[in-house]
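Chemist: Have a look at this one before I ask anything.
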Amino acid sequence: MDLLQQICERAKNNKQRIVLPEALEERTLRAADKVLADGLANLILIGNPDEIAKKSAEWGLTHTSEATIIDPENNDKSEEYAQLLTDLRKKKGMTIEQARELVKNPLYLGCMIIKTEGADGQISGALSTTGDTLRPALQIIKCAPGITCVSGAMLLITKQPQYGENGVLVMGDVAVTPMPDAAQLSQIAVCTAQTAKSVAGFDDPRVAMLSFSTKGSASHEVVDKVIEATKLAKELDPALKVDGELQADAALVPSVGEKKAPGSAIAGHANVLVAPCLEVGNIAYKLVQRLGDAIAIGPILQGIARPVNDLSRGCSVDDIYYMVAITACQAMDAKK
């Protein structure tokens, strides 16, 4: 069974409640139909019920009626949500009138449903920008305890079983924070290891803090940042298996790791890679994807108290389907 199948099986065995706020979008509705047909998750679709029924009939979808459908323009909890949103944002000057309008926005409405424990996670982005997806999540659900930095992880499924976890690696940050400081980088390390557990199913995440230097082979302020981040990551999560600074070959290849970082339990055996900045992480995963013919799944947003994930606006039906499963796995972990 491949990794995606394993993720889907975990989702089916412990069904979570996932919000799809872009339910009138064709790919999203088709993915919802497939999710419900396969029993992957319990879905909450946000949109006009008549429009959803009409589009479902037009596209030959037979399972969307099994979802809970919430009309943002006719929702009996709108005033409750508006009052709560006003309380959450009062320090920012939110008025009740502004809140009443915002809770009609499907992205905000979905986050309010999660905040009031009516759902476990949300996925959007087929129509919305990353900023539009993240804004309500950070304003309403907020970051996980001890975390101030949201980041994005990528699952890399390679054809090189000698690396990572039988060829699977998890890399962060590839999507959100352009130039993290040492404290933020330490949080990215902890969150990416958690994603490796909850989504990729790693029993033993081994985190390499990547750099162009290995254990003092080069001297530069950006190397110092990685060294400091490694120290802070150990303080943030004393159980975390992490080492740095390590060059990529020292992190992945046992013979190189032994030579460049003797005595390191991580060098040569890493299955979680943390890039020193977004520029490096984004470029690196795309090179591995294109030149190494790896499958790249994500980005998976991490650091939010409840999972809210972002899609590419060019996403496929399958992309949405699998992100539902990934979000469900994150939701299970968030409840622990």
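The values are calculated or read from the model by the stated rules, or taken from the named source; none is laboratory data. Just so you know, these numbers come straight off a predicted model, no measurement behind them. Note that we place each Cβ from the backbone using ideal geometry, even for glycine, and neighbour counts take in every protein chain shown. SASA here: full protein model, heavy atoms, side chains in, ligands and nucleic acids out. Shrake-Rupley method; radii C 1.70, N 1.55, O 1.52, S 1.80 Å.
Chemist: Residues of segment 8-68: accessible area per residue at 1.4 Å, in Å²?
Modeler: Solvent-accessible surface per residue comes out at 43 Å².
Chemist: Another question, if that's okay. What is the percent carbon and sulfur in the accessible area of segment 1-60, measuring with a 1.4 Å probe over the protein chains and ignoring ligands?
Modeler: Here carbon and sulfur together make up 43 percent of the probe-accessible area.
Chemist: Let me ask you something else. Enumerate the calculated ³J(HN,Hα) couplings along segment 295-312 in order (Karplus 6.51 cos²θ - 1.76 cosθ + 1.60, θ = phi - 60°), each rounded to whole Hz, writing x wherever the residue is Gly or Pro.
Modeler: 8, 10, 10, x, x, 9, 5, 9, x, 8, 4, 10, x, 10, 10, 10, 9, 6
Chemist: I need to check one value: relative contact order of the chain, counting alpha carbon pairs closer than 8 Å and at least 6 residues apart, in percent.
Modeler: Relative contact order here is 23 percent.
Chemist: So, one more: Which FRET efficiency, nearest 0.05, do Ser316 and Lys259 yield, Cβ-Cβ r, R0 25 Å?
Modeler: That gives a FRET efficiency of 0.05.
Chemist: If I compute solvent accessible area with a 1.4 Å probe over the protein chains, what percent of it on segment 132-266 is carbon and sulfur?
Modeler: 55
Chemist: If you look for lysine pairs in segment 1-138 that are eight or more places apart or on different chains, how many of them have Cα atoms under 16 Å apart?
Modeler: 6
Chemist: Between Glu66 and Lys54, what is the label-to-label distance in nm when each label sits 7 Å out along the Cα-to-Cβ direction?
Modeler: With each label placed 7 Å out from Cα toward Cβ, I get 2.6 nm.
Chemist: Accessible area per residue for segment 234-336 in Å², computed with a 1.4 Å probe and the full protein assembly in place, what is it?
Modeler: Each residue of segment 234-336 exposes 45 Å² on average to a 1.4 Å probe.
Chemist: Could you tell me how many cubic angstrom of Cα convex hull volume segment 265-335 has per residue?
Modeler: Considering the Cα atoms of segment 265-335, their hull volume per residue is 141 Å³.
Chemist: Determine the percent antiparallel among the DSSP beta bridges restricted to the chain, to the nearest 5.
Modeler: Given both bridge residues lie in the chain, the antiparallel proportion sits at roughly 35 percent.
Chemist: Could you give me the ³J(HN,Hα) list for segment 147-161, computed from phi with Karplus coefficients 6.51, -1.76, 1.60 and θ = phi - 60°, whole Hz, x at Gly and Pro?
Modeler: 10, 10, 10, 7, 9, x, 10, 10, 7, 10, 9, 9, 9, 10, x
Chemist: Relative to the first principal axis of the alpha-carbon coordinates of the chain, what is the inclination of helix 49-58, with its axis defined by its Cα atoms, in degrees from 0 to 90 and to the nearest 10?
Modeler: Result, in degrees: 80.
Chemist: Still on this structure, I have one more. Taking a 1.4 Å probe, which of Leu127, Leu24 shows the most accessible area, and what order do the others take after it?
Modeler: Highest to lowest solvent-accessible surface, that is Leu127, Leu24.
Chemist: As a test of reading the structure, rank Asp203, Asp173 by solvent-accessible area (1.4 Å probe, protein chains only), most first.
Modeler: Sorted descending by solvent-accessible area, the residues read Asp203, Asp173.
Chemist: If you place +1 on the Cβ of every Lys and Arg and -1 on the Cβ of every Asp and Glu, how big does the dipole about the Cα centre of the chain come out, in debye to the nearest 20?
Modeler: That gives a dipole near 520 debye.
Chemist: Roughly what angle does helix 78-88 make with the longest principal axis of the chain, taking Cα atoms, 0 to 90 degrees, to the nearest 10?
Modeler: Helix 78-88 sits roughly 40 degrees off the main axis of the chain.
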